[in-house]
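Data first, discussion second: the structure below is written as structure tokens.
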Amino acid sequence: DVAKMVEWKQGIVGKLTGGVGGLLKNHKVDTFEGSARVTAPGKVEVTGQDGKKQTIDAKNIVVAVGSTPIEIPGFAFDGEHVWSSTEALSPKKIPERMLVIGGGYIGLELGLVYHNLGSEIRVIEFMDRVLPGMEGELSKEMGRSLKKKKIPVHLGAKAVGYEKTKAGLVV
């Protein structure tokens with residue numbers, strides 16, 4: 001049941017983020033949300049979501065960054081046919097087939113999750129190996145693992161766009 005799985009995941013995320021917030025509060029750590037830049041030693045300028053800027057003096061600075069998925073040209077996220085990692089972490093249903101564009105750790109991790117949930121997975125990677133930014137032996141081992149799981153990996157391949165056809169999507 002996909003809805004229960006997503007609800008369970010959201011509950012855990014809520015507990016973890018709430019727990020971290022509670023720890024910070026208990027240790028009298030002030031938190032600020034927004035984008036920030038260090039302007040001088042011990043000084044941080046924070047721009048809040050409302051656009052207001054404030055300068056904060058601090059002896060210690062902890063930066064907790066989030067991530068923003070990067071769109072690949074020709075593959076605008078639409079939440080239906082083209083997912084970012086955000087949509088992949090909260091699916092409405094498990095797709096029959098999924099193409100993972102990019103053989104980095106996030107795409108491979110999510111691809112393997114969907115493989116284990118029953119989706120047929122394929123991976124396209126522009127470089128000559130998966131996990132191209134990682135140590136070579138790790139990359140080789142991941143390649144062997146994907147082969148063992150019968151997940152096709154197309155190396156040295158560049159996805160430039162897709163089109164909808166009667167048969168489905170063609171990349």
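The values are calculated or read from the model by the stated rules, or taken from the named source; none is laboratory data. Being a predicted model, the structure only gives us computed values, none of them experimental. Because the Cβ atoms are built from the backbone with ideal geometry, glycine has one as well, and the counts that use them run over all protein chains shown.
Scanning region 75-122 for residues being in contact (Cβ under 8 Å) with a residue 40 or more places away in the chain, surrounded by fewer than 13 Cβ atoms within 10 Å (Cβ to Cβ) and not assigned by TED's automatic domain parsing to the domain that holds I151 gives a total of 0.
Here S90 clears all of (1) among the small types (G, A, S); (2) touching a strand residue (DSSP E or B) at 6+ places or on another chain (Cβ under 8 Å); (3) outside any helix (DSSP H, G or I) except the condition numbered (2). Within region 1-25, residues that are among the small types (G, A, S) have Cβ atoms under 6 Å from residues that are surrounded by 10 or more Cβ atoms within 10 Å (Cβ to Cβ) in no pair, counting only partners at least 6 apart in sequence or on another chain.
Is at least one residue of region 7-28 modelled with pLDDT of 85 or more and not in a helix (DSSP H, G or I)? There is at least one residue in region 7-28 that is modelled with pLDDT of 85 or more and not in a helix (DSSP H, G or I).
Do the conditions hold for G66, that is, is it modelled with pLDDT of 90 or more and in a loop (DSSP other than H, G, I, E, B)? No; evaluated as a whole, the condition is false for this residue. For region 8-53, filtered to residues that are polar (S, T, N, Q) and farther than 30 Å from K92 by Cβ, the residue that is surrounded by the fewest Cβ atoms within 10 Å (Cβ to Cβ) is N26. Across region 54-74, the number of residues qualifying as under 16 Å from D30 (Cα atoms) and either surrounded by 10 or more Cβ atoms within 10 Å (Cβ to Cβ) or of a type in the set (F, W, Y) (or both) comes to 5. Residues that are part of a loop (DSSP other than H, G, I, E, B) and of a type in the set (F, W, Y) are absent from region 98-121.
Of everything in region 123-141 that is out of contact with any helix residue (DSSP H, G or I) (no Cβ under 7 Å at 6 or more places or on another chain) and buried (at least 17 other Cβ atoms within 10 Å of the Cβ), the residue that is nearest to M5 (Cα to Cα) is I124.
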